[in-house]
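Structure record follows, encoded as structure tokens.
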Amino acid sequence: MICRRPILVTGATGFLGSHFVTEYLRNFSGDVRCIIRGSSEGIARAKLAASLEKAASASMERFDQEDSVSVICGDLEQSECGVKDVQKDVKEFWHFAASLEFDADRSEHIEKQNVEGVKNAIDLALRAGVERFIYVSTAYTCGHAVDVIPESLHDEDGPFNNFYEETKCRAEHLVQKLCKESGLSITILRPSIVIGHSETFRTGGSETGLYGFIRDLSMLAPSLKAAKARVRIHGNPDTVPNFVPVDYLIKDLLSLISASSVEDGIFHLSSDGGVSSSTAVRVICEQLGIENLTVEQVDDLSASPIEKLLIGKTKFYSAYLSEQKIFSRKIKSKNSVSESDFRAYVIEGIKSLEGFSVNQFFSRDILRTKDDVLLNVYSHGEHAGSEAVVIVNAFGMPVDFLVPLSRKLSLVHNVVTWESRGVPSRPENGSEMMCSLEEHVSDMREVMDRRGVTKCHVIGWCTGATVALRFASEFGDRVSSVSLLNGGYNLCGAEQTAFQENMRNIMPLIAGDRDQAEFFFKTIFESMDTADVGGEYVASSTLDKILASTNPRHAHLTSFPFRNSDLLYNYARLISSFIEETIEGDIVRVGSPCLVATGLKDVTASPESSIFLSDYLPDAQLYVDAEGDHFMLHDNTQLHDKVQNFISEVTA
């Protein structure tokens, strides 16, 4: 085994970084010092150990070189990565750490990680006295370029497919500039789409790329299966995406390392061939039970509402299904992925998705209400003596939305919630189901009584905020506090969003009868211009706008009421009844302290109505997130902290 001087590594808890560390230490002897983010060295070490073990298990081997790995606590976003002391016996700095996010609304975070983080890493490398900086980039810094892609720097101006590609390209230029100015030697490594291990086909810890695409398709599978018509995903069926197994990539990478150095230059770590886009999607769909999805060039005018929803959800991947790139390679090894191998990677990828379900977090019960509607009731937590938290979900939305906030609150409180009558809770007598606000309030009382909750902290989201408000006004003796999150309120004088206006216009038509619901359900899957419904011409684009208004990250959840005509009919009845309700009379009767939260980027429920409401509630504080959208409840940890702190203050 070749002995080498110590190296510094960032991103060792990530997919590629963890595989590099495990394979490096199987081939070379020498210390590997990993810069890990963590509040303590113990926590950082535990994170690293779990990642290295997962990487090693991909090849069915154990990682037993722990003695050669040490941890340095640091943070990529801080100056010199926040590292206080560093030994100066290190020769190389391997920079794997990066944000793999791509959404424009996360641009500030991506910039800090992928560009500012590179500068911080180079500054630390200079302080440590290293001789070479190895930057792990991506083969897709070439943006929209097609055909043969050279191993050279690409134009910083792109154009690019997403913000991730742009930041990685700018980071390459920054690395070359700063290293040239300081005399550091440079190696730039460009992986293509990295998949699991070629021997076991296991993911090895990857959750992005191919596995992110599989996850997104699996989330939308119920809606896609509901379509009788063919559904298209945007792409070129003949394009060959560049998938490279992680062990092939690491083998190529290690070939650049000698006892004393790493080769200069830019190197593509990619494959020589593989399956076409159409074959890849077909294989994935076969394993997910989707029979009607094809890869085609899709323009916005011809796309049906469900196709637009699918394209929005999978937008990040469409370029890799469309643009044919052939990466030139100085490394001459032969790497390719056959269709049978690709199927094995997909099967293992799907297995990795089965690790969590809502029912593993919540305990589920079925409650039959006084009017014979069956409700799905969920609870989590075992805290005797602590007041419960009851969360009122939005009409028609699955309980999945509530898991992150519930996980936070259940550390101190018992959390109880339910799925609204009609959707997702399925009625036995849907055509006769009552839908007024009073029925939802009655459901809340019955849920609380069933769970033995006499008094609680109430949280309402979206339409559920109105239910929470009405409950607090009528049963104030059972409410300790009220948190109203991104509420959809009908308030005189408050502005409504385009989404709310579209819902107000179209839901009563769908709720007219089941035949009309069936017709509108078909328009989701078929491209239609106008339709004569009940003597009125209704543009099918209205449903487009409703489905497209959601954040694509949540499309698999928000599309739940659109999975079949019965669900759509029940959902339309719920919404049609809701838009007739007013809450002005409830506001003055709420005696409990209230937290009203909204986000200025909420295009579903008007932020103005939340701000308006907070001015008139007797005891309310307002929280406005300038970057927050309608789904803050699901993925905004700052909001989670705000709600938890508010409840704690009230309890104290």
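The values are calculated or read from the model by the stated rules, or taken from the named source; none is laboratory data. Since this is a predicted model, take the numbers as computed values, not measurements. Note: ideal-geometry Cβ built from the backbone for every residue, glycine included; neighbour counts use all protein chains shown. In case anyone asks, the SASA skips ligands and DNA or RNA and just uses the protein heavy atoms, side chains included. Shrake-Rupley method; radii C 1.70, N 1.55, O 1.52, S 1.80 Å.
What residue, among those in region 438-485 that are among the basic types (Lys, Arg) and part of a helix (DSSP H, G or I), is surrounded by the most Cβ atoms within 10 Å (Cβ to Cβ)? Break it down into steps so the answer makes sense when it comes.
First pass over region 438-485, keeping only residues among the basic types (Lys, Arg): 445, 450-451, 455, 470, 478.
Applying the additional criterion that residues be part of a helix (DSSP H, G or I) yields 445, 450, 470, 478.
On the way: 445: 16, 450: 16, 470: 23, 478: 18.
Ranking the candidates gives 470 first.
Test of understanding: among 373, 358, which residue is farther than 30 Å from residue 145 by Cα and free of Cβ contacts under 8 Å to residues at least 60 places away in the same chain? Break it down into steps so the answer makes sense when it comes.
Numbers: 373 fails: free of Cβ contacts under 8 Å to residues at least 60 places away in the same chain.
Of the residues listed, the single one that is farther than 30 Å from residue 145 by Cα and free of Cβ contacts under 8 Å to residues at least 60 places away in the same chain is 358.
Pairs needed: first member in region 300-319, under 18 Å from residue 160 (Cβ atoms); second member anywhere, open to solvent by less than 40 Å² (accessible area, probe 1.4 Å) and outside any helix (DSSP H, G or I); C-beta distance under 8 Å; at least 6 residues apart or different chains.
What qualifies is 314/233; 316/162; 318/233; 318/235; 319/162.
So which residues in region 486-503 are loosely packed, with under 15 Cβ neighbours inside 10 Å and not in a loop (DSSP other than H, G, I, E, B)?
498, 501
Mind checking whether some residue in region 362-384 is farther than 30 Å from residue 570 by Cβ, open to solvent by 60 Å² or more (accessible area, probe 1.4 Å) and not in a helix (DSSP H, G or I)?
yes
In region 57-93, which residues are crowded, with 18+ Cβ neighbours inside 10 Å and part of a loop (DSSP other than H, G, I, E, B)?
At the first step, the residues of region 57-93 found to be crowded, with 18+ Cβ neighbours inside 10 Å are 58-59, 63, 69, 71-74, 76, 80-81, 83, 86, 90-93.
Scanning region 57-93 gives 58, 59, 63, 74, 76, 83, 86, 90, 91.
In region 314-347, which residue that is touching an Asp or Glu at 6+ places or on another chain (Cβ under 8 Å) and among the aliphatic types (A, V, I, L, M) is farthest from residue 254 (Cα to Cα)?
326
For the subset of region 388-401 comprising residues that are at pLDDT 95 or above and either not aliphatic (A, V, I, L, M) or not in a loop (DSSP other than H, G, I, E, B) (or both), which member is surrounded by the most Cβ atoms within 10 Å (Cβ to Cβ)? Explain how you work it out, then say what you get.
In the first step, residues of region 388-401 are kept if they are at pLDDT 95 or above; the result is 388-395.
Now narrow it down to the ones that are either not aliphatic (A, V, I, L, M) or not in a loop (DSSP other than H, G, I, E, B) (or both): 388-393, 395.
Values: 388: 22, 389: 28, 390: 27, 391: 26, 392: 31, 393: 25, 395: 27.
Ranking the candidates gives 392 first.
Name the single residue, out of those in region 296-324 being acidic (Asp, Glu) and not in a strand (DSSP E or B), that is surrounded by the most Cβ atoms within 10 Å (Cβ to Cβ). I'd like the intermediate steps shown before the answer.
We begin by selecting, within region 296-324, every residue acidic (Asp, Glu); these are 296, 299-300, 307, 323.
If we keep only those that are not in a strand (DSSP E or B) as well, we get 299-300, 307, 323.
On the way: 299: 7, 300: 10, 307: 26, 323: 19.
Looking at the filtered set, the residue picked out is 307.
Has region 3-19 got at least one residue that is over 23 Å from residue 138 (Cβ atoms) and out of contact with any strand residue (DSSP E or B) (no Cβ under 9 Å at 6 or more places or on another chain)?
Initial filter on region 3-19 (over 23 Å from residue 138 (Cβ atoms)): 3-6.
Within this subset, residues satisfying the condition of being out of contact with any strand residue (DSSP E or B) (no Cβ under 9 Å at 6 or more places or on another chain) are none.
For region 3-19, residues over 23 Å from residue 138 (Cβ atoms) and out of contact with any strand residue (DSSP E or B) (no Cβ under 9 Å at 6 or more places or on another chain): absent.
From the list 586, 602, pick out the single residue that is closer than 18 Å to residue 488 by Cβ, among the acidic types (Asp, Glu), assigned to a loop (DSSP other than H, G, I, E, B) and modelled with pLDDT of 90 or more.
Result: 602 is the single residue among 586, 602 that is closer than 18 Å to residue 488 by Cβ, among the acidic types (Asp, Glu), assigned to a loop (DSSP other than H, G, I, E, B) and modelled with pLDDT of 90 or more.
Taking region 93-124 only, how many residues are touching a strand residue (DSSP E or B) at 6+ places or on another chain (Cβ under 6 Å) and at pLDDT below 95?
Number of matching residues: 1.
(1) in contact with a Pro (Cβ under 8 Å, 6 or more places away or on another chain); (2) assigned to a helix (DSSP H, G or I): which one isn't true of residue 197, the others all being true?
Answer for residue 197: the failing condition is (2).
Please tell me if residue 526 is at pLDDT below 90, over 18 Å from residue 583 (Cβ atoms) and open to solvent by 60 Å² or more (accessible area, probe 1.4 Å).
yes
So which pairs qualify, if the first residue must be in region 492-506 and among the polar types (S, T, N, Q), the second must be surrounded by fewer than 20 Cβ atoms within 10 Å (Cβ to Cβ) and modelled with pLDDT of 90 or more, the Cβ gap must be under 8 Å, and the two must be at least 6 apart or on different chains?
Hits for this filter: 496/504; 497/603.
One line per residue, one yes/no per condition, for (1) under 25 Å from residue 143 (Cα atoms); (2) among the polar types (S, T, N, Q); (3) in contact with a strand residue (DSSP E or B) (Cβ under 6 Å, 6 or more places away or on another chain); (4) modelled with pLDDT under 95:
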| site | (1), (2), (3), (4) |
| --- | --- |
| 262 | no, no, yes, yes |
| 266 | yes, no, yes, no |
| 275 | yes, no, no, no |
| 307 | yes, no, yes, yes |
| 349 | no, no, no, yes |
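Please pick out the residue among 244, 281, 240 that is in contact with a strand residue (DSSP E or B) (Cβ under 7 Å, 6 or more places away or on another chain), closer than 30 Å to residue 310 by Cβ, among the hydrophobic types (A, V, I, L, M, F, W, C) and part of a strand (DSSP E or B). Talk me through it step by step, then tell me what you get.
Details: 281 fails: part of a strand (DSSP E or B); 240 fails: part of a strand (DSSP E or B).
After applying the criteria, what remains is 244.
Is it the case that residue 333 is modelled with pLDDT of 85 or more and either more than 16 Å from residue 139 (Cα to Cα) or open to solvent by 40 Å² or more (accessible area, probe 1.4 Å) (or both)?
Numbers: modelled with pLDDT of 85 or more: no; either more than 16 Å from residue 139 (Cα to Cα) or open to solvent by 40 Å² or more (accessible area, probe 1.4 Å) (or both): yes.
Spelling it out, it is not the case that residue 333 is modelled with pLDDT of 85 or more and either more than 16 Å from residue 139 (Cα to Cα) or open to solvent by 40 Å² or more (accessible area, probe 1.4 Å) (or both).
Just to verify a result, which residue in region 595-612, among those that are among the aliphatic types (A, V, I, L, M) and more than 19 Å from residue 647 (Cβ to Cβ), is least open to solvent (accessible area, probe 1.4 Å)? Can you show your working first?
Restricting attention to region 595-612, the residues satisfying the condition of being among the aliphatic types (A, V, I, L, M) are 595-597, 600, 603, 605, 611.
From the residues that got through so far, the ones that are more than 19 Å from residue 647 (Cβ to Cβ) too are 600, 603, 605, 611.
Details: 600: 99, 603: 84, 605: 3, 611: 61 Å².
In this case the residue turns out to be 605.
Could you list, in sequence order, all residues of region 124-177 that are open to solvent by less than 30 Å² (accessible area, probe 1.4 Å), among the charged types (D, E, K, R) and in a helix (DSSP H, G or I)?
165, 168, 172, listed by residue number.
Search region 404-415 for residues being open to solvent by less than 10 Å² (accessible area, probe 1.4 Å) and not small (Gly, Ala, Ser), and hand back the single one that is nearest to residue 364 (Cα to Cα).
Among them, the one singled out is 415.
Among the residues of region 218-237, write down those that are open to solvent by less than 30 Å² (accessible area, probe 1.4 Å), not in a helix (DSSP H, G or I) and not small (Gly, Ala, Ser).
The answer is 231, 233.
Residue under question is residue 342, and the condition is that it be in a helix (DSSP H, G or I), buried (at least 19 other Cβ atoms within 10 Å of the Cβ) and modelled with pLDDT under 95; does it hold? Reasoning before the result, please.
Details: in a helix (DSSP H, G or I): yes; buried (at least 19 other Cβ atoms within 10 Å of the Cβ): yes; modelled with pLDDT under 95: no.
Spelling it out, it is not the case that residue 342 is in a helix (DSSP H, G or I), buried (at least 19 other Cβ atoms within 10 Å of the Cβ) and modelled with pLDDT under 95.
I'd like to verify a number: residues in region 13-48 that are more than 25 Å from the chain's Cα centre (by Cα) and open to solvent by less than 60 Å² (accessible area, probe 1.4 Å), how many?
So in region 13-48, the residues more than 25 Å from the chain's Cα centre (by Cα) come out as 20-35, 40-42, 45.
Those left that are additionally open to solvent by less than 60 Å² (accessible area, probe 1.4 Å): 20-26, 28-30, 32-35, 40, 42.
Number of matching residues: 16.
Modelled with pLDDT of 70 or more and open to solvent by 40 Å² or more (accessible area, probe 1.4 Å), is that true of residue 513?
Values: modelled with pLDDT of 70 or more: yes; open to solvent by 40 Å² or more (accessible area, probe 1.4 Å): yes.
So residue 513 fits the description; yes.
Do we find that residue 165 is touching a Gly at 6+ places or on another chain (Cβ under 6 Å) and not β-branched (Val, Ile, Thr) in this structure? Working first, answer last.
Numbers: touching a Gly at 6+ places or on another chain (Cβ under 6 Å): yes; not β-branched (Val, Ile, Thr): yes.
Considered against the rule, which asks whether it is touching a Gly at 6+ places or on another chain (Cβ under 6 Å) and not β-branched (Val, Ile, Thr), residue 165 comes out as yes.
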